[in-house]
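Bear in mind these aren't lab numbers, they're just calculated from the coordinates by the rules spelled out. Only a predicted model underlies this, so the values are computations on that prediction, with no experimental measurement involved. Here the Cβ positions follow ideal geometry from the backbone for every residue, glycine too, while neighbour counts run over all protein chains shown.
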Amino acid sequence: MKISHYFWHILIIVFIIIAIYPILFAVSNSFKHLNDAFTSTINLIPNPFTFENYQRLHETIPLLKITLNTFVIASIITAFKIVTSFLAAYALTYFNFRFKKTTYFLLISTIFIPFTVTMIPNYLIISHFNLIDSVWGVILPQLADAIGIFMLTQAMRNIPKPLIEAAQIDNISTFNIMKDHVLPIVRPALTSTAIWFFILAWNDYVWPLLMLRSRDSYTLPLALQLFVSSEGGTNFTVAMALSVITMAIPLILYLIFQRYIINTFSSSGIK
Amino acid sequence: MAKRYVSILLLTPALLLLTIFTVGPLVYTIYLSFFDWNLISPNKTFVGLENYAELFKDQTFRRIIGQTFLYIILFIVLNTGLTYVTAYVIAHLIKSNKGFYKVAIFTPSVISLVVGSMLFLWILNPVSGPVAIVLGWFGLSIPNWTVTEGMVIVILSLIVAWKVFGYNFIVLYSGIVGIPSEIIEAAKLDKISKFRIFTDIIIPMSSSTGFYILIMTIVQGLQYVFTPIRVVTQGGPNYYSSNLIYHSYHEAFDLFNTGISAASSVITLLIFMFLLAMQFIFVERNVYYEN
């Protein structure tokens, strides 16, 4: 009984080490001298400790501009998606209209459309409006995403319907019902959906790869790709510094909002 | 009635965006799959089903279909099978530290796959990476996996598994916790083995969550793995790490064969629509059983 008990804990701890080790590996090597990184690979504590990789990174690429691009793109995408998803989820939860079920089903079906099916036409649309290599070129096609509608509908279904119906009968305006009755209750789900949108957009790779050409308009994941080479290792520690910067914001957001995020995903299984 | 206009108004922004950037493009890609075009030329040549015929004649493409199914099998094993077991272990076989385990396991799910690809490229570097060094102590070594047929797909799937594991775990965990605990306690009292509890109680009673994760793992995994393929191997060696998603991208934006790319995308779409139909049928059938 006791032995099997420890066995399960050890198994889970092994999984956690696999999950967390790459993060420690990146942080550790980003503060090592290049030589140390190759001579004391196993040792996770940098000795001596150095900031030179971050400095060299700053000299090699327009780091501040790239971080700002990533932040602006992720923020705008989050803001638009959260508003449009909230409004659509509200209509699908609290209004009855013809073809409501069909509308919901079709919306959710779009989650099953692979990005390759839309990439060529979207590329043509963006290039038609001369938005290639611009912030809006990256943002616009990504605003079309039904996953938020799905997540928020799940959260709204948990609010007792009579509460909303009573308000509707009392002729309270839709805007006021949203503001006073729905918003306060779904705020945790709304927060974690927004954080999730931000993280997704921050990490996005495929669409920026197609849209962005000049280094000044790059996002962080795209810039990181410049440092990939399995052969020459001269940029290794600098690449680790950029990896740390790229994952820092999502990790911080996750650590602050972990309870919200985990609760929201817990209830996101299809029912 | 005014109420009806309100609901239409609320739905308009989302529907408009999805029409312009998802449904419209989908229709246009199907249209493009019947043409020979290079993305730039003003003329498209209608070729009927020629692009599809060409794809199925092409040996490389048949290999890519095969690799796609290999990826699917790996995703099912790593991101559904292994994740299911882990969720069961944390939900029922251990009692302490659950909160910490959940938070720790989910962590990689928020990290960019470009970062993940970069880190595993170095961690699994066959010469100087930490894994190679530790294996070296025991006289073992890692093959040069980025150029090794067969092995490359496994490692690229592991990189995706590293990211997706936490997300799938959280969803499956809540599915398992949703099973009334009396049933499991009773089974434990009857001295039914842990394995049988998992196969005979846990899996059937959380099957709609499990099936959802299974389907989403395939649909998203094939798209997620695009990033490690692009960053690490560009589909190589010899298309052995490519899949349908990567191939569509490669044909369109590396080779400018728009029609071939579109045809390959439509084939992917058909597979995904089949999975959607399965999901729909399965959930419809099981919803009563579980509630």
Check: P(r) tail for the stretch A:79-188, what percent of Cα pairs lie past 20 Å?
Finding: 52 percent
Next item on the list: Grab the DSSP H runs of chain B that are 4 residues or longer, score each as -39,500 (n - 2.57), total them, divide by all residues and round the 222 nm result to the nearest 500 deg cm²/dmol.
Entry: -20000 deg cm²/dmol
Check: Across the stretch B:58-290, how many lysine pairs separated by 8 or more positions, or lying on different chains, have Cα atoms within less than 23 Å?
Finding: 8
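Would you calculate, for chain A, the mean residue ellipticity at 222 nm contributed by helices, counting each DSSP H stretch of 4 or more residues as -39,500 (n - 2.57) and dividing by all residues, to the nearest 500?
Dividing the helical sum by the residues of chain A leaves -22500 deg cm²/dmol.
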Notebook entry, point to check: So what is the diffusion coefficient of the stretch B:200-270 in µm² per second by Stokes-Einstein at 37 °C and 0.692 mPa s, using a Kirkwood Rh over Cα pairs?
Noted result: 239 µm²/s
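To two decimal places, what compactness ratio does the stretch A:63-266 give when its Cα radius of gyration is scaled by 2.2 N^0.38 Å?
That works out to 1.20 for the stretch A:63-266.
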Next item on the list: List the chymotrypsin sites (Phe, Trp or Tyr not before Pro) within the stretch B:126-196 that fall in a DSSP loop (any state other than H, G, I, E or B) and whose Cβ has at most 12 other Cβ atoms within 10 Å.
Entry: B:Phe138
Next item on the list: State to the nearest 20 debye the size of the charge dipole of the protein assembly as shown about its Cα centre, where the only charges are +1 on K and R beta carbons and -1 on D and E beta carbons.
Entry: 1220 debye
Margin query: Can you list residues from other chains, or at least 5 along the same chain, whose modelled amide H is less than 5 Å from the amide H of B:Phe35?
Written below: B:Val47
Notebook entry, point to check: Per Stokes-Einstein, at 4 °C and 1.567 mPa s, what whole-number D in µm² s⁻¹ belongs to the stretch A:40-112, with the Kirkwood radius over Cα pairs as the hydrodynamic radius?
Noted result: 75 µm²/s
Item checked: Shielding by other protein chains, A:197-206, mean Cβ within 10 Å -> 4
Margin query: Using Cβ counts within 10 Å as a stand-in for footprinting exposure, how do B:Val103, B:Val114 rank, fewest first?
Written below: B:Val103, B:Val114
Notebook entry, point to check: What is the average number of partner chain Cβ atoms found within 10 Å of a Cβ in B:42-54?
Noted result: 0
Next item on the list: Note the angle between two axes, namely the Cα long axis of helix A:63-94 and the longest principal axis of the Cα atoms of chain A, as a number of degrees from 0 to 90, rounded to the nearest 10.
Entry: 20 degrees
Next item on the list: Compute the acute angle (0 to 90°) between the alpha-carbon long axis of helix A:100-109 and the principal axis of greatest extent of the alpha-carbon atoms of chain A; round to the nearest 10°.
Entry: 10 degrees
Notebook entry, point to check: What's the angle, to the nearest 10 degrees (0 to 90), between helix A:183-203's Cα axis and the longest principal axis of chain A?
Noted result: 40 degrees
Next item on the list: Could you work out the mean count of beta carbons from other protein chains within 10 Å of each residue's beta carbon in A:143-149?
Entry: 5
Notebook entry, point to check: Where does the stretch A:1-50 land on Rg(C-alpha)/(2.2 N^0.38 Å)?
Noted result: 1.59
Item checked: Within the stretch B:124-198, GluC sites (Glu not before Pro) in DSSP loop having at most 16 other beta-carbon neighbours inside 10 Å -> B:Glu149
Note to self: If you wrap a convex hull around the alpha carbons of the protein assembly as shown, what volume per residue comes out, as a whole number of Å³?
What the structure shows: 175 Å³
Checklist line | Per-selection Rg to Rh, the stretch B:160-291 - Cα, Kirkwood hydrodynamic radius | finding: 1.13
Margin query: Give me log10 I(q)/I(0) at q = 0.19, 0.24, 0.26 Å⁻¹ for the stretch A:1-92, Debye formula, one equal scatterer per alpha-carbon, no solvent.
Written below: -0.94, -1.11, -1.17
Notebook entry, point to check: Listing A:Val138, A:Val244, A:Val83 from the residue with the fewest other Cβ atoms within 10 Å to the one with the most, what is the order?
Noted result: A:Val83, A:Val244, A:Val138
Checklist line | Per-selection Rg to Rh, the stretch B:58-290 - Cα, Kirkwood hydrodynamic radius | finding: 1.03
Notebook entry, point to check: Does the stretch A:164-250 classify as rounded, prolate or oblate by the C-alpha gyration tensor (a ≥ b ≥ c root eigenvalues; a/c under 1.5 gives rounded; else a/b over b/c gives prolate, otherwise oblate)?
Noted result: prolate
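Averaging the inverse of every distinct alpha carbon separation and then flipping it gives the Kirkwood radius. What is it for the stretch B:152-202, in angstrom units?
Value: 13.0 Å, from the Cα pair sum.
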Check: By counting other Cβ atoms within 10 Å of each Cβ, how are A:Ile45, B:Ile76, B:Ile215, B:Ile159 ranked from fewest to most?
Finding: A:Ile45, B:Ile76, B:Ile215, B:Ile159
Item checked: the stretch A:63-266: relative contact order as a whole-number percent, Cα under 8 Å and 6+ apart -> 34 percent
